[in-house]
Amino acid sequence: MDRQIRRLGIAFVALFAVLFAQVAYVQVIAADRIANQPANAARQIRAEYAVERGQILAYDRRTVLAESVPNPDPDSQYRFIRSYPFGELYGQLTGYYSRIYGRSGLEQAMNPYLAGTAPEFTTQNLTDIILGRPKQGGTVLTTLVPRVQRAMQLALGDLHGAVVAIDPTNGDVLGMYSNPGYDPEPLSTGTTQEMEAAWREVTSAPDTPLVAHAFQDLYLPGSTFKTVTASASLEHGWGPLKEWPNPHHLELPGTEAHIENFGDSYCAGGAKTVTMGGAFQDSCNVPFAEIGMALKAERMSGQAQAYGFCRTEPTISLACQDQTIPFVLPWEVGHFPDSMYFENNEAALARSAIGLDNVLTNPLHLALVAAAIGNGGTMYAPRLVAEIRDATTGQTIKTFQPDEFSHPLTADSAAQLRVMMVSVVAGGTGSAAQIDGTVVAGKTGTATNGDDVPPNAWFTSFAPAGPGQTPRIAVAVIVLDGGDIGNEATGGQIAAPIAKQVMEAYLG
């Protein structure tokens, strides 16, 4: 009798295990595949909005960038709606979560965690099923520092452009802001008609607010690219004190064109020669064009690639041949032509050495370059998400470690270039970035922007930059189309003060 009871008990346990496994398979393992079948699309949307999607937080763990809140309409078939408390301030980073237009930004990149469907949530989801608890998504903790992000918005004001701030020691994105931006809430919440109207408005805007100037657009970097050219020179053994010919104009080989300094001015007062350090401090184009040609195409292209610039073949396509630097959001790394492009084309190499021709970049990539110089030659990939937490217990279930990307220059070269960049702020074109009590390193840039269009103004920097100090922040700024100065705009006039405000906000 006991044997029969035991067999019956085992049978019941086995049946229960099979039933439990089937429920777990349907609700956890196969949930995505089943939900993605076309016939289940509408049902899947309703199911998604029945789950309290996880929050996206700033690094202080208190500032909520995105969250799900109960729908105030009791008759709605959607239990939760998505809210973005700071609107456009973080909109291009959080992205939108729309039942009509899908997802973008972190809402897309972190969707498995926010929705609670990532493998890390399997145990929690099974526990919720057993206990009958409602499913809840995980919390995404970003690296963003609210006071830095707000300082960027205030410093840019009505100017179109972008600012990026990086922690040089680990690649953390402290802030990243573009103007114009957009508020993701109207795309994510409301009636179908309201969301469609919001979509028409944002997609028809001539300044394309859905595309972030900070990391998704590309621009000529102008003289800020001299940081890369100087890196190549230092790595080749040509130091800051090496003398270079200093003509008024540099005639470009094979062309009738020439390169001149900004404002067609003389470098070093018209002396016959100038050091690389002196030309860097005053942002002289002629000597740096000479340096680029003397280094040759292979060294210049190799140095750009060491900083993560992708190779392009402009005679075939401007598309990247090797997207290099990883980032959680889709972005465009900087472009620099393959060395083959410069064969029998020294004029293009001269222009590229001063950030023109087919050299393209954006503030995120330029901030990474400055961060690498400040960090002794070690370049980290940008990190926007630090960790994922269980919303119920608060426990960390996944950590995203800093990613050491490359070593584009030696510590000795980085130290020499740091001194050169400090001189730009202390007594050169970047003096508007000076901060009382803090040594700042920087480089200005002013880049042509097409016929009859004011130039784009650049500044890239890091601080503190005194001897023996570890920089805590690297900042890159672009102000588009001359800002409110127009054709008279320069990086030192209009972009450097913006970088200063951001650095002050972080360093206190």
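The values are calculated or read from the model by the stated rules, or taken from the named source; none is laboratory data. Note that the structure is predicted; figures quoted are calculated from it, not measured. FYI the Cβ positions are ideal-geometry reconstructions off the backbone, even for glycines, and counts take in every protein chain you see.
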(Q) Pull out all pairs, ordered by first then second residue, where Cβ-Cβ is under 6 Å, the residues are six or more apart or on different chains, the first lies in region 58-75 and is surrounded by 11 or more Cβ atoms within 10 Å (Cβ to Cβ), and the second is among the aliphatic types (A, V, I, L, M) and at pLDDT below 95. (A) N71/I81
Q. Taking interchain pairs and intrachain pairs at least six residues apart, which have beta carbon atoms under 8 angstrom, with the first residue in region 473-500 and farther than 13 Å from A370 by Cβ and surrounded by fewer than 24 Cβ atoms within 10 Å (Cβ to Cβ) and the second modelled with pLDDT of 95 or more and charged (D, E, K, R)?
A. D484/D158
(Q) With the structure loaded, tell me whether Q77 is in a loop (DSSP other than H, G, I, E, B) and over 18 Å from Y177 (Cα atoms) or whether it fails that test. (A) yes
Q) Here are T208, T255: which of them is under 30 Å from L156 (Cα atoms) and either surrounded by fewer than 17 Cβ atoms within 10 Å (Cβ to Cβ) or β-branched (V, I, T) (or both)? A) T208
Q.
Can you tell me which condition L409 does not meet? The list is (1) touching an Asp or Glu at 6+ places or on another chain (Cβ under 8 Å); (2) buried (at least 24 other Cβ atoms within 10 Å of the Cβ); (3) within 23 Å of M176 (Cβ to Cβ), and all the others hold.
A. (3)
(Q) Quick check on region 329-373: of everything there that is under 18 Å from the mean Cα position of the chain (by Cα) and not hydrophobic (A, V, I, L, M, F, W, C), which residue is surrounded by the fewest Cβ atoms within 10 Å (Cβ to Cβ)? (A) P330
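Okay, residues lined up against (1) at pLDDT 95 or above; (2) within 19 Å of E387 (Cα to Cα); (3) in contact with a His (Cβ under 7 Å, 6 or more places away or on another chain):
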{"residue": "A115", "(1), (2), (3)": "no, yes, no"}
{"residue": "P119", "(1), (2), (3)": "no, yes, no"}
{"residue": "Q136", "(1), (2), (3)": "no, yes, no"}
{"residue": "M152", "(1), (2), (3)": "yes, no, no"}
{"residue": "P180", "(1), (2), (3)": "yes, no, yes"}
{"residue": "E185", "(1), (2), (3)": "yes, no, no"}
(Q) So for region 84-107 (the condition being within 28 Å of D484 (Cβ to Cβ), out of contact with any strand residue (DSSP E or B) (no Cβ under 9 Å at 6 or more places or on another chain) and either touching a residue at least 24 places away in the same chain (Cβ under 8 Å) or outside any loop (DSSP other than H, G, I, E, B) (or both)), does at least one residue qualify? (A) yes
Q: Just one of (1) within 22 Å of the chain's Cα centre (by Cα); (2) buried (at least 16 other Cβ atoms within 10 Å of the Cβ) trips up L507, so point out which.
A: (2)
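So that you can scan it fast, the table gives a plain yes or no per residue for (1) in contact (Cβ under 8 Å) with a residue 12 or more places away in the chain; (2) in a loop (DSSP other than H, G, I, E, B); (3) of a type in the set (F, W, Y):
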residue	(1), (2), (3)
E194	no, no, no
R200	no, no, no
P206	no, yes, no
L210	yes, yes, no
T227	yes, no, no
S233	yes, no, no
L241	yes, yes, no
E256	no, yes, no
I259	yes, no, no
Q) Out of H258, H213, which single residue is modelled with pLDDT of 95 or more, farther than 15 Å from V274 by Cβ and in contact with a strand residue (DSSP E or B) (Cβ under 8 Å, 6 or more places away or on another chain)? A) H213
Q: For A162, state whether it is touching a residue at least 60 places away in the same chain (Cβ under 8 Å), touching a helix residue (DSSP H, G or I) at 6+ places or on another chain (Cβ under 9 Å) and either among the basic types (K, R) or crowded, with 21+ Cβ neighbours inside 10 Å (or both).
A: yes
